Amino acid sequence: MKAVVEADRPVALVTGGGGDIGRAIALRLAQTCQAVAIVDIDERAAAETAHLVETAGCKAMAVRADVCSPEQTKAFVDAVEVGFGPIGIFANNAGIEGVVAPLHEYPDEIFDRLLQVNVKGVFLGLKYVLARMIPRGCGAIVNTASTSAIRGRAGLSGYVASKHAVLGLTRTAALEVTGTRIRVNAILPGPIESRMIRELNDQASRNHQDFRRAGSAPYGRPENIADVVAFLASDAAAHVNGAAWVVDAGITAG
């Protein structure tokens, strides 16, 4: 079996890499990549993830950026390719949860912010990374959606709308790269132990709601999501394109 050399190991880019799921993705990709670039609006969190990636023996870069900004998105994509080389894997992961409120009371400004981060941010990431990948004809992109992309959730109109849009963008992009060696897929996590789910549950409890389903499986771990992202980004998933990969221990099966 031939040794793996650095040229065989791709460069990965992870947005939202300072959060629980993003950090787990970055650390998992560090096992197979020559370098991982971490983008987050929280500069300290991005730097902490980059340090952990370097401690794991992989080169890392931390970039503070707002994924809603075309200028900043183009700049960090360019910076990664200048610093590390062609992006081979893109975990388009940045996202926010918004608030828990009935649709008729949902704050306009928070709905708008969700669409900015969760939809426009994903769109811009796709736009500027695909602009680099398409001339080369290869690459793997995994967009982080949610099981809220395939179901409704009372009290989460903004989040649900944004994640449905992420799935639509994934399928559109996948069709546009059909016939190349580029693949665009979405991962749909169910509830994962993270700051986001804790915040949503805290809000729900204050409104006398409960997002936990009786008899449902325990919450997953960020590493459960990272392992599936690593698979979708690998050559083992070479025939997987435009898929919505649900990771929720069967919660949406019934």
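The values are calculated or read from the model by the stated rules, or taken from the named source; none is laboratory data. Just so it is clear, the model here is predicted, and its values are computed rather than measured. Cβ atoms come from the backbone with ideal geometry, glycine included; neighbour counts cover every protein chain shown.
Points worth noting:
- Scanning segment 160-203 for residues that are in a helix (DSSP H, G or I) and either touching a strand residue (DSSP E or B) at 6+ places or on another chain (Cβ under 9 Å) or modelled with pLDDT of 95 or more (or both) yields a total of 19.
- Long-range neighbours under 8 Å by Cβ, at least six apart or interchain, first residue more than 23 Å from residue 13 (Cα to Cα) within segment 105-131, second in a helix (DSSP H, G or I) and not β-branched (Val, Ile, Thr): 106/157; 106/158; 110/158; 111/157; 111/158; 111/161
- Any hit, segment 18-27, residues being under 21 Å from residue 138 (Cα atoms) and either among the polar types (S, T, N, Q) or in contact with a Gly (Cβ under 8 Å, 6 or more places away or on another chain) (or both): yes
- Answer residue from segment 119-139, given it is among the small types (Gly, Ala, Ser) and in a helix (DSSP H, G or I) and is farthest from the chain's Cα centre (by Cα) among those: 131
- Test result for residue 54, in contact with a strand residue (DSSP E or B) (Cβ under 9 Å, 6 or more places away or on another chain) and free of Cβ contacts under 8 Å to residues at least 24 places away in the same chain: yes
- Residue in segment 102-115 that is hydrophobic (A, V, I, L, M, F, W, C), closer than 30 Å to residue 227 by Cβ and modelled with pLDDT of 95 or more present: yes
- Here residue 98 clears all of (1) in a loop (DSSP other than H, G, I, E, B); (2) touching a Phe, Trp or Tyr at 6+ places or on another chain (Cβ under 7 Å); (3) of a type outside the set (Asp, Glu); (4) surrounded by fewer than 22 Cβ atoms within 10 Å (Cβ to Cβ) except the condition numbered (4).
- Failed condition for residue 108, given (1) over 17 Å from residue 162 (Cα atoms); (2) surrounded by fewer than 17 Cβ atoms within 10 Å (Cβ to Cβ): (1)
- Hits in segment 221-254 (condition: under 21 Å from residue 151 (Cα atoms), more than 16 Å from the chain's Cα centre (by Cα) and not β-branched (Val, Ile, Thr)): 249, 250, 253, 254
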